[in-house]
Amino acid sequence: MTTMCRVLGVSTSGYGAWRQRGLPARAREDAELTVLIQKIHSESRGTYGTPRVHAELRLSYGIRCSRKRVARLMRKADLVGVHRRKTRGITRRDPARTAYPDLVQRVFEPTEPNRVADLTQYHTAEGWLYLATVMDAYSRRIIGWAMGDRPVP
């Protein structure tokens, strides 16, 4: 210990006093607040983010602290809230626009075997997954399908 204090330029009595002191008051408060933040976050089933946890601390527990402090402690404890995702789709219909006339005169009741294709998209943890299917409209059986990370033209 003496060699370490000499190398660092600290007196041995100063090092001993620092060891006796323990954690600063701010660090102790942060530890207590982190436990409470983890409790609030788990009670919300992991959905609350910084703004809601901060509001819960203020309204339910009467603890006044900054939102940035709550964000820092949540970041340090690896707590993340659930956020709304953007809804994005392939086709967006304009409800104000009138429908186009059916110039092809399509018949939706199949009388003989024919094929119908469909493209569906699913949001996964790794991004969008596109599923293209080909269905026989007469027998209602799936003839073929393909998946990919981008829609196929």
Quiz item: Tell me, 68, 86 in order of fewest to most beta-carbon neighbours within 10 Å?
Solution: 86, 68
Exercise. With runs of 4+ DSSP H residues as the only contributors, calculate the mean residue ellipticity of the chain at 222 nm using -39,500 (n - 2.57) per run, divided by the residue total and rounded to the nearest 500.
Key: -11500 deg cm²/dmol
Quiz item: What does the charge dipole of segment 104-153 about its Cα centre add up to, to the nearest 20 debye, if the Cβ of each Lys and Arg holds +1 and the Cβ of each Asp and Glu holds -1?
Solution: 80
Quiz item: So between residue 66 and residue 20, what do we pick up on full extension, going 0.36 nm a residue minus the alpha carbon distance?
Solution: 13.5 nm
Quiz prompt | Length released on extending from residue 8 to residue 35, taking residue separation times 0.36 nm less the Cα-Cα span | solution = 6.2 nm
Quiz item: How big is the charge dipole of the chain about its Cα centre, in debye rounded to the nearest 20, if each Lys and Arg gets +1 on its Cβ and each Asp and Glu gets -1 on its Cβ?
Solution: 1120
Practice problem: Compute the separation of the alpha-carbon centres of segment 105-153 and segment 25-72 and state it in Å as a whole number. | Solution: 48
Exercise. Name the helices (complete DSSP H segments) of the chain with a Cα length along the long axis of 24 Å or more and a Kyte-Doolittle mean of at least -0.5, or state none.
Key: 25-43
Practice problem: Express in nm, to one decimal, how much length is gained between residue 142 and residue 91 on full extension, taking 0.36 nm for each residue of separation and deducting their alpha carbon distance. | Solution: 16.1 nm
Quiz item: Which one of 70, 101, 38 is farthest out on the positive end of the charge dipole of segment 1-138, using unit charges on Cβ (Lys, Arg +1; Asp, Glu -1) and the Cα centre as origin?
Solution: 70
Quiz item: How about residue 68: which aspartates and glutamates have a C-alpha closer than 14 Å to its C-alpha, ignoring those fewer than 8 places off in the same chain?
Solution: 30
Quiz item: So for 143, 90, 40, fewest C-beta neighbours within 10 Å to most, what's the order?
Solution: 90, 143, 40
Exercise. Starting from the Cα of residue 86, draw a straight line to each of the aspartates and glutamates and keep only those under 19 Å, dropping any in the same chain fewer than 8 residues away.
Key: 94, 126, 149
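Any read-out appearing in this document is the output of simple, stated calculations on the displayed coordinates, not a laboratory observation. Keep in mind that what you see is a predicted model, and the values were worked out from it rather than measured. Every residue, glycine as well, gets a Cβ built from its backbone with ideal geometry; the counts of neighbours run over all protein chains shown.
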